[in-house]
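**Student:** Below is a structure I'd like to ask you about.
The values are calculated or read from the model by the stated rules, or taken from the named source; none is laboratory data. Because the structure is a prediction, the values reported are computed rather than measured. For the accessible areas, the whole protein counts, side chains as well, though only heavy atoms, and no ligand, DNA or RNA atoms are used. Shrake-Rupley method; radii C 1.70, N 1.55, O 1.52, S 1.80 Å.
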Amino acid sequence: MLVDSEPLGIEEVLKKKVWLNAMKEEIEAIERNKTWELIKLPKKKKAINVKWVFKVKLNSDGSVGKHKARLVFIGFLQKPGLDYFEVFAPVARHETIRLVIALAANRRWPLMHLDVKSAFLNGPLQEEK
């Protein structure tokens, strides 16, 4: 059992400074990367809903490494036949990672690890709700 596990609700988040700091860090990254901007909502249009997702990242020894907060769009609002199949989230498969590591080891290639603090797929939205 993790003593410091992911919060189950916003009430828990608001009580702990580590989660508030993680949220602040996420908002600052969004602003710094100019991921999106707040504008006045046009008449008869719906805003895209977002929610906070919280995760405790562990070190290799099992201790708490950091607290991560992500502000994400709520994807379940998509409609089949309209925009349901148009979302793409690239994810590396474990098999591909193992293959690359095996090739690098076999050919004595240098291999480095990179931890991306904030990654954004930043494309313009054309559709209207």
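**Student:** Let me cross-check residue 25: its accessible surface, 1.4 Å probe, with only protein heavy atoms counted, in Å² to the nearest 10?
**Tutor:** Probe radius 1.4 Å; accessible area of residue 25 about 80 Å².
**Student:** Whenever you get a sec, line up 35, 96 from highest to lowest accessible area (probe 1.4 Å, protein heavy atoms). Present the calculation step by step, with values, prior to reporting the outcome.
**Tutor:** Details: 35 25, 96 75 Å².
Result of the area sort, largest leading: 96, 35.
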